[in-house]
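*Asks:* Below you'll find the structure I mean.
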Amino acid sequence: MRIFDPHIHMTSRTTNDYEAMYAAGVRAVVEPSFWLGQPRTSPESFYDYFDALLGWEPFRAAQYGVAHHCTLALNPKEANDPRCAPVLDELPRYLVKDSVVAVGEIGYDSMTPAEDHALAAQLQLAADHELPALVHTPHRDKAAGLRRTIDVVRESHLAPELVLLDHLNETTVAEARDSGCWLGFSIYPDTKMDPDRMVRILREHGTERMLVNSAADWGRSDPLKTRHVGDAMLAAGFSEDEVDQVLWRNPVAFYGQSDRLDLDVPAPGGAPATHEGNSILRGGE
């Protein structure tokens, strides 16, 4: 089973996770830029973070045989902080980088006017740079948030087939599918979706334009949840081809619209041992 996790925050994870993910079949990931758990106090902290997603993290992933790409954006939560607004002006110089395969995560957290502005502006940046967009649907009042998101997408210059609506569930999947966008589902230990619920959605709505991710981060989460969904699909009678479509071909098709996917990564141990003079080793060999 080959797996492409289309939404995972590996900056928050350890190298042990990369080892376990590779053993489970994960060969590629996309890491969206997101909130770090406490407010950033200046735009410069975003830029250091973006640089890490473009440099150190792909290097670290390659040590374990995993292809790493990222999406960059001003995230919905911090779009409400005026201190962070200058990030929108600086994003264009990052969106031209080879390993950036979409603008994201963008979308809504509390559905404020500031979030309206940031979402519309970044959908325009995606259109300007001919990139897809990864859109975070809010965790609160999800149905209303999805409708508001779809309205903004329709008003934008970005075609729906270039938009991935993420963090969907049973209450939003039908409307999201009708929008023409791609559909993303985050599998979590306690919240969002679980493997059995995901299987029921796939039975009802099919496997086209469906992406499954772990969204693993610094909270209680599990970077192997994509594998758990694959196993649950097989146990429920889905074919290996259907599993491959959901866990590999669909994310490749969506992010491949950026023309920047590079999935040719050496096996563990085959990548360069250092990045800008630094290695993942601590305390010598």
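The values are calculated or read from the model by the stated rules, or taken from the named source; none is laboratory data. Everything quoted here is computed from the prediction, not taken from an experiment. Neighbour counts are summed over all protein chains in view; Cβ atoms, including those assigned to glycine, are modelled from backbone coordinates with ideal geometry.
*Asks:* State all residues of the stretch 130-155 that are buried (at least 16 other Cβ atoms within 10 Å of the Cβ) and under 22 Å from Tyr94 (Cα atoms); if no residue qualifies, say none.
*Replies:* Selection gives Leu131, Pro132, Ala133, Leu134, Val135, His136.
*Asks:* I'd like the full set of residues that are part of a loop (DSSP other than H, G, I, E, B), of a type outside the set (Lys, Arg), more than 14 Å from Leu162 (Cα to Cα) and over 17 Å from the mean Cα position of the chain (by Cα), limited to the stretch 119-149. Before the answer, list the steps.
*Replies:* Pass one, the stretch 119-149, residues part of a loop (DSSP other than H, G, I, E, B): 129-132, 137-141.
In the following step, the residues that additionally are of a type outside the set (Lys, Arg) were identified as 129-132, 137-139, 141.
Okay, now just the ones that are also more than 14 Å from Leu162 (Cα to Cα), so 137-139, 141.
Asp141 - this is the single residue of the stretch 119-149 that is part of a loop (DSSP other than H, G, I, E, B), of a type outside the set (Lys, Arg), more than 14 Å from Leu162 (Cα to Cα) and over 17 Å from the mean Cα position of the chain (by Cα).
*Asks:* So, one more: Please specify each residue of the stretch 20-41 satisfying the condition of being aliphatic (A, V, I, L, M) and under 22 Å from Pro138 (Cα atoms). Give the derivation first.
*Replies:* Quick first cut of the stretch 20-41, residues aliphatic (A, V, I, L, M) only: 20-21, 23-24, 26, 28-30, 36.
Residues satisfying the conditions are Val30, Leu36.
The rows are residues; the columns are (1) touching a Cys at 6+ places or on another chain (Cβ under 7 Å); (2) at pLDDT below 95.
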| residue | (1), (2) |
| --- | --- |
| Asp128 | no, no |
| Asp141 | no, yes |
| Ile150 | no, no |
| Ser156 | no, no |
| Pro160 | yes, no |
| Asp166 | no, no |
| Ser186 | no, no |
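Table: residues versus (1) closer than 17 Å to Asn75 by Cα; (2) in contact (Cβ under 8 Å) with a residue 12 or more places away in the chain; (3) not small (Gly, Ala, Ser).
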position: Glu105; (1), (2), (3): yes, yes, yes
position: Ala114; (1), (2), (3): yes, yes, no
position: His117; (1), (2), (3): yes, yes, yes
position: Pro138; (1), (2), (3): yes, yes, yes
position: Glu155; (1), (2), (3): no, yes, yes
position: Leu164; (1), (2), (3): yes, yes, yes
position: Leu168; (1), (2), (3): no, yes, yes
position: Glu175; (1), (2), (3): no, yes, yes
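*Asks:* Report yes if Asp217 is of a type in the set (D, E, K, R), touching a residue at least 60 places away in the same chain (Cβ under 8 Å), over 14 Å from Val26 (Cβ atoms) and touching a helix residue (DSSP H, G or I) at 6+ places or on another chain (Cβ under 6 Å), otherwise no. Before you say what the answer is, go through the steps one by one.
*Replies:* On the way: of a type in the set (D, E, K, R): yes; touching a residue at least 60 places away in the same chain (Cβ under 8 Å): yes; over 14 Å from Val26 (Cβ atoms): yes; touching a helix residue (DSSP H, G or I) at 6+ places or on another chain (Cβ under 6 Å): yes.
In short, yes.
Conditions tested, residue by residue: (1) of a type in the set (D, E, K, R); (2) under 17 Å from the mean Cα position of the chain (by Cα); (3) crowded, with 21+ Cβ neighbours inside 10 Å.
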{"site": "Arg177", "(1), (2), (3)": "yes, no, no"}
{"site": "Ile187", "(1), (2), (3)": "no, yes, yes"}
{"site": "Asp190", "(1), (2), (3)": "yes, no, no"}
{"site": "Asp196", "(1), (2), (3)": "yes, no, no"}
{"site": "Ile201", "(1), (2), (3)": "no, no, no"}
{"site": "Glu204", "(1), (2), (3)": "yes, no, no"}
{"site": "Thr207", "(1), (2), (3)": "no, no, no"}
{"site": "Met210", "(1), (2), (3)": "no, yes, yes"}
{"site": "Trp218", "(1), (2), (3)": "no, yes, no"}
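*Asks:* Could I ask something else about it? Only residues that are surrounded by fewer than 17 Cβ atoms within 10 Å (Cβ to Cβ) and small (Gly, Ala, Ser): list them for the stretch 229-263, please.
*Replies:* Passing the criteria: Ala235, Ala236, Gly237, Ser239, Ala253, Gly256.
*Asks:* Out of Gln63, Gln124, which single residue is touching a residue at least 40 places away in the same chain (Cβ under 8 Å) and farther than 13 Å from Ser33 by Cα? Lay out the reasoning, then the answer.
*Replies:* On the way: Gln124 fails: touching a residue at least 40 places away in the same chain (Cβ under 8 Å).
Answer to the check: Gln63.
*Asks:* Within the stretch 188-221, which residues are modelled with pLDDT under 95, touching a Ser or Thr at 6+ places or on another chain (Cβ under 7 Å) and not hydrophobic (A, V, I, L, M, F, W, C)?
*Replies:* Tyr188, Pro189, Lys192, Asp217, Ser221
*Asks:* Restricting to the stretch 58-85, name every residue that is touching a Gly at 6+ places or on another chain (Cβ under 8 Å), over 19 Å from Gly269 (Cα atoms) and either at pLDDT below 95 or not hydrophobic (A, V, I, L, M, F, W, C) (or both).
*Replies:* Start the filter on the stretch 58-85 by keeping residues that are touching a Gly at 6+ places or on another chain (Cβ under 8 Å), which leaves 63, 65, 71-73, 76.
Then drop every residue that is not over 19 Å from Gly269 (Cα atoms), which leaves 71-73, 76.
Passing the criteria: Thr71, Pro76.
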